Amino acid sequence: RSKNYGGEQRTHFIWEALKKVGDVYTVIPVAHKYLERVDEKDNIRWICFEKRWTPGWIVQRLLSKWSLFHRIGIPFGKSSSRIHSTYPLNFDVCVVRYMTMASSLSAWDIAPLYLDIDDVLTEDFDSAYLESRFLKHRLRRWLLANYEAKLTSKATHLFVSNSKHLQLFKSKSVSYIPNIPCALTKTFKDETNQSPVLFFVASLCCPQSS
């Protein structure tokens with residue numbers, strides 16, 4: 001429920017919207033068992049799905065060393081069984097933020113998948129390696145494109161944050177949900193009148209910014 005940056009704000013607004021049309025049960029994957037916790041009031045569970053030193057875990061770690069491939073999610077295993085044992089319910093839909101998370105959880109096995117894409121992986125790749133003719137880059141883009149196509153084909157419906165992406169996924173059931181910034185807090189201090197000012201949009205750790 002933090003709203004400190006754009007991704008968190010989008011998650012918050014989607015979560016609040018879903019609560020207006022039905023009962024929402026939320027699962028947040030965490031990296032370690034000791035981070036697991038429960039919020040009974042809002043039906044939220046923090047669950048560790050990862051099993052270290054399994055083949056999938058090793059492959060995921062290897063991919064994470066290869067720029068942008070860390071966003072290819074290798075299924076954790078019996079994620080859907082774990083979720084159904086946590087929430088023994090027949091869900092109408094399973095709403096997931098990001099392709100990586102959807103594939104890591106095999107979310108389409110839980111209920112009809114409504115996937116919020118937000119970032120298109122091939123688009124991010126192209127912005128980082130614009131017009132690259134290296135064979136390794138072309139192979140990596142081909143793999144990302146196939147991963148993206150396979151994953152979106154498993155979704156019942158797609159949400160996109162950029163209206164231009166409606167055309168990109170025109171053959172699928174898709175809706176445009178724009179990003180809406182949260183209201184600024186009273187503690188916000190405008191320092192733009194100071195000179196010099198260096199201003200960045202987005203994270204400097206993104207491959208496109210490096």
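The values are calculated or read from the model by the stated rules, or taken from the named source; none is laboratory data. Values in this document were obtained by computation on a predicted structure and should not be read as measured data. No Cβ is skipped: glycine too gets one built from the backbone with ideal geometry, and neighbour counts run over all protein chains shown. Protein only, heavy atoms only, side chains kept; ligands, DNA and RNA dropped before computing areas. Shrake-Rupley method; radii C 1.70, N 1.55, O 1.52, S 1.80 Å.
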**Fill in**
Those residues of region 53-84 that are at pLDDT 75 or above and part of a helix (DSSP H, G or I) come to a total of 6
**Asked** Of the residues Ala107, Ala111, Ala102, Ala145, which is open to solvent by 30 Å² or more (accessible area, probe 1.4 Å) and hydrophobic (A, V, I, L, M, F, W, C)?
**Response** Ala145
**Prompt:** Can you find a residue in region 146-167 that is at pLDDT below 80 and part of a loop (DSSP other than H, G, I, E, B)?
**Reply:** no
**Selected residue [modelled with pLDDT under 90 and surrounded by 19 or more Cβ atoms within 10 Å (Cβ to Cβ)] from Asp126, Asp118** = Asp118
**Prompt:** Quick one: is Lys136 open to solvent by 40 Å² or more (accessible area, probe 1.4 Å), among the charged types (D, E, K, R) and assigned to a loop (DSSP other than H, G, I, E, B)?
**Reply:** no
**Prompt:** Among the residues of region 6-34 satisfying the criterion of being outside any helix (DSSP H, G or I) and of a type in the set (A, V, I, L, M, F, W, C), which is nearest to the chain's Cα centre (by Cα)?
**Reply:** Ile28
